[in-house]
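Novice: The structure under discussion is supplied below as structure tokens; questions concerning it will follow.
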Amino acid sequence: MKKKAIILGASGLTGGLLLNQLIGDERYKSIKLFSRSKIEGLPSKVTQFIGDLLEIEQFKNDFTGDQVFCCIGTTKAKTPDKDLYKKIDYGIPVSAAKLAKANGIETFVVISALGADAKSSVFYNKTKGEMERDVLKQDIKKTFIFQPSLIGGNRKESRTLEDIGKAIFRVIQPLFFGKLKKYKITNPKRMAKAMINLANSKNYSEVIITSNDIKRITKNN
């Protein structure tokens with residue numbers, strides 16, 4: 001039976017690549033997008049629900065399907081206010097997981113970040129760690145948490161410090177061996193494919209997916 005997917009964050013880099021892959025994937029009958037603004041030029045396979053994702057509960061009746069892909073995330077530069085930052089990076093994924101649980105959705109895939117730790121003294125890492133902790137508390141049957149390193153690719157908006165970091169990493173990452181492999185730049189197209197692969201897997205037991213796991217999961221794609 002063909003699947004029904006939900007995407008949060010389809011206007012972002014990874015979310016957009018994920019959307020394109022799902023559109024071309026014959027296993028999917030329909031795709032629902034929940035976002036603040038409309039994306040033009042999409043096929044009839046895609047239905048868009050426009051509104052404030054900080055109040056995602058308003059979409060409860062429409063938040064139905066087989067799989068949820070949560071690609072929501074902001075940056076300190078884009079969202080300097082820590083309260084708003086937490087409402088986005090913690091609040092939206094956790095609220096989405098609660099809706100998925102309430103509506104009987106059994107697959108929830110979310111992008112977090114390498115270094116996420118609810119006990120960290122670093123605000124960014126702590127926020128991501130608390131998000132992971134509370135998503136897992138929903139006890140959704142198939143939950144996968146992606147912890148990418150720096151994400152490669154070209155974004156629509158400029159992220160100067162991130163671009164500098166990527167340039168540095170490209171030079172030094174050939175030196176990353178063993179446990180350091182997970183710090184290599186994450187290919188967003190490959191990550192999107194890995195998200196789809198795991199959502200449709202039957203017996204993959206790992207919940208936390210790091211950058212080096214992504215390459216392994218998609219090695220035949």
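The values are calculated or read from the model by the stated rules, or taken from the named source; none is laboratory data. All values reported here derive from a predicted model rather than from experimental measurement. Neighbour counts run over all protein chains shown; Cβ positions are idealised from the backbone, glycine included. These area figures cover heavy atoms from the full protein model, side chains too; ligands, DNA and RNA do not enter into them. Shrake-Rupley method; radii C 1.70, N 1.55, O 1.52, S 1.80 Å.
Novice: Please compute the modelled spin-label separation between Asn197 and Gln58, points set 7 Å along Cα→Cβ, answer in nm with one decimal.
Specialist: Distance between the two pseudo-spin positions: 3.8 nm.
Novice: Now a separate question. log10 I(q)/I(0), Debye, Cα-only the chain, no solvent, q = 0.10, 0.13 Å⁻¹?
Specialist: -0.42, -0.73
Novice: I would also like to ask the following. Let's see if you can work this out: charge +1 on each Lys and Arg Cβ, -1 on each Asp and Glu Cβ, no other charges. What is the dipole magnitude of the chain about its Cα centre, in debye to the nearest 20?
Specialist: In debye, rounded to 20, the chain gives about 700.
Novice: Separate question: For Thr186, enumerate residues with amide H under 5 Å from its amide H, sequence gap 5+ or separate chain, H modeled in the peptide plane.
Specialist: Counting only residues 5 or more places away or on other chains, the set is Ser149, Leu150, Ile151, Gly152.
Novice: Which value, in Å², gives the accessible area per residue of the stretch 103-146 when a 1.4 Å probe is used on the protein heavy atoms?
Specialist: Working: 1870 Å² over 44 residues.
Here the residues of the stretch 103-146 average 42 Å² of exposed surface.
Novice: Quick check: net charge around Gly65, other residues with Cβ under 9 Å of its Cβ, Lys/Arg +1 and Asp/Glu -1?
Specialist: Numbers: positive: Lys3, Lys4, Lys32; negative: Asp66.
Net of charged neighbours comes to +2.
Novice: For a Förster distance of 22 Å, can you work out the FRET efficiency between the beta-carbons of Lys215 and Asn20, rounded to the nearest 0.05?
Specialist: Details: r = 20 Å, r/R0 = 0.92.
FRET efficiency, Lys215 to Asn20: 0.65.
Novice: Each label point is 7 Å from the Cα along the Cα-to-Cβ direction; what then is the distance between the points at Asp117 and Lys76, in nm?
Specialist: Result for the modelled spin labels: 1.6 nm.
Novice: Another question, if that's okay. Expressed as a whole percent, how much of the Cα-Cα distance distribution for the stretch 1-42 exceeds 11 Å? Don't skip to the answer; put the middle values down first.
Specialist: Values: 550 of 861 pairs.
Summing the P(r) tail past 11 Å for the stretch 1-42 gives 64 percent.
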